[in-house]
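The values are calculated or read from the model by the stated rules, or taken from the named source; none is laboratory data. Keep in mind the model is a prediction, meaning the values are calculated, not measured. Note: ideal-geometry Cβ built from the backbone for every residue, glycine included; neighbour counts use all protein chains shown.
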Amino acid sequence: MDQKEQKEQILKLLKEKSVMKQDVYKNTLETFDSLSKVVKEISRELKDAAANIDKRLVVESRVTSDHEMEFKVAGDMLVFYMHTNVFQFEKSHPMFKTGYIKESDQNSYCGIINVYNFLADSFKFNRLNDLGYLICRIFVNREKRFFVESRSTFAYRYNHFSTEPLNEEILADIVNELVVHAISFDLYTPPSETVREVSLNEIQERVQSDKLKTGKRLGFRAHGEIGFSDEE
């Protein structure tokens, strides 16, 4: 392949693949912005109603960056994080058997919005060793069509690429279901073997940051670029 052919191939890839990935990113960012609005509205609606039940029930949300937001509902914290990269699934993924993907391989490229469930106290007391749980992934492609992977039972409704673009009504349904899932997902007492021994240093430092891990069963350690590990 001579340099002219190489240049032509590069330009072809830029036109066909790089532009498509820019479209995917744009759609995912727009979805995240819509999700932020939906979470803010749900938070507003629940805030007063929860306070009427019990003044100790705090419901609030805040956007922490262009790609991250938090939604506190009483003792739970949902963290929504949009990955800035675009992904394609392995060819063995079931989606490649669908007519939609067979129609165009580019439909399989997706942006991802991850949703993690942490204990609200992990943030309040800055317990950096506490564990969170990946409970949902929202995938958005170049046509703004989507599907959802989740540990919640509602996911079956959205486990295939949608026929229509993602909208705020669907996002509200997803967020409400995730709140139900988080509140219903109880904190388990850790096995005694995991907390039987503790150093004097750990006990002393616990005043500033609890070193004895707390989390909803098994999940993801708080660390990394946003404070949470990726799902891989």
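Computed quantities for the displayed model
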| item | result |
| --- | --- |
| Phe146 vs. criteria in contact with a strand residue (DSSP E or B) (Cβ under 6 Å, 6 or more places away or on another chain) and at pLDDT 95 or above | yes |
| Selected residue (criterion: surrounded by the most Cβ atoms within 10 Å (Cβ to Cβ)) from residues of region 1-52 that are in contact (Cβ under 8 Å) with a residue 12 or more places away in the chain, hydrophobic (A, V, I, L, M, F, W, C) and farther than 22 Å from Asn85 by Cα | Val39 |
| Checking Phe96 against (1) surrounded by fewer than 17 Cβ atoms within 10 Å (Cβ to Cβ); (2) in contact with a Phe, Trp or Tyr (Cβ under 6 Å, 6 or more places away or on another chain); (3) not basic (Lys, Arg), the condition it does not meet | (2) |
| Residue among Asp186, Asp173, Asp210 that is more than 30 Å from Gln106 (Cα to Cα), among the charged types (D, E, K, R) and at pLDDT 65 or above | Asp186 |
| Strands (runs of 3 or more DSSP E) within region 50-120 that include 1 or more residues small (Gly, Ala, Ser) | 59-65, 109-119 |
| Residue check, Ala222 in contact with a strand residue (DSSP E or B) (Cβ under 7 Å, 6 or more places away or on another chain), modelled with pLDDT under 55, of a type in the set (A, V, I, L, M) and closer than 21 Å to Leu119 by Cβ | yes |
| Considering residues of region 169-188 that are surrounded by fewer than 14 Cβ atoms within 10 Å (Cβ to Cβ) and of a type outside the set (A, V, I, L, M, F, W, C) only, the residue farthest from Leu29 (Cα to Cα) | Tyr188 |
| Failed criterion for Pro165 (all others in (1) touching a Lys or Arg at 6+ places or on another chain (Cβ under 8 Å); (2) more than 21 Å from Val38 (Cα to Cα); (3) surrounded by fewer than 21 Cβ atoms within 10 Å (Cβ to Cβ); (4) not β-branched (Val, Ile, Thr) hold) | (2) |
| For Ser104: the one exception among (1) more than 20 Å from Pro165 (Cβ to Cβ); (2) out of contact with any Lys or Arg (no Cβ under 8 Å at 6 or more places or on another chain) | (1) |
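Let's see how each residue does on (1) without any contact (Cβ under 8 Å) to a residue 40 or more places away in the chain; (2) out of contact with any strand residue (DSSP E or B) (no Cβ under 6 Å at 6 or more places or on another chain); (3) among the acidic types (Asp, Glu):
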site: Asp54; (1), (2), (3): yes, yes, yes
site: Ser61; (1), (2), (3): yes, no, no
site: Met82; (1), (2), (3): no, no, no
site: Ser92; (1), (2), (3): yes, yes, no
site: Gly99; (1), (2), (3): yes, yes, no
site: Tyr109; (1), (2), (3): no, no, no
site: Asn114; (1), (2), (3): no, no, no
site: Leu119; (1), (2), (3): no, yes, no
site: Lys124; (1), (2), (3): yes, yes, no
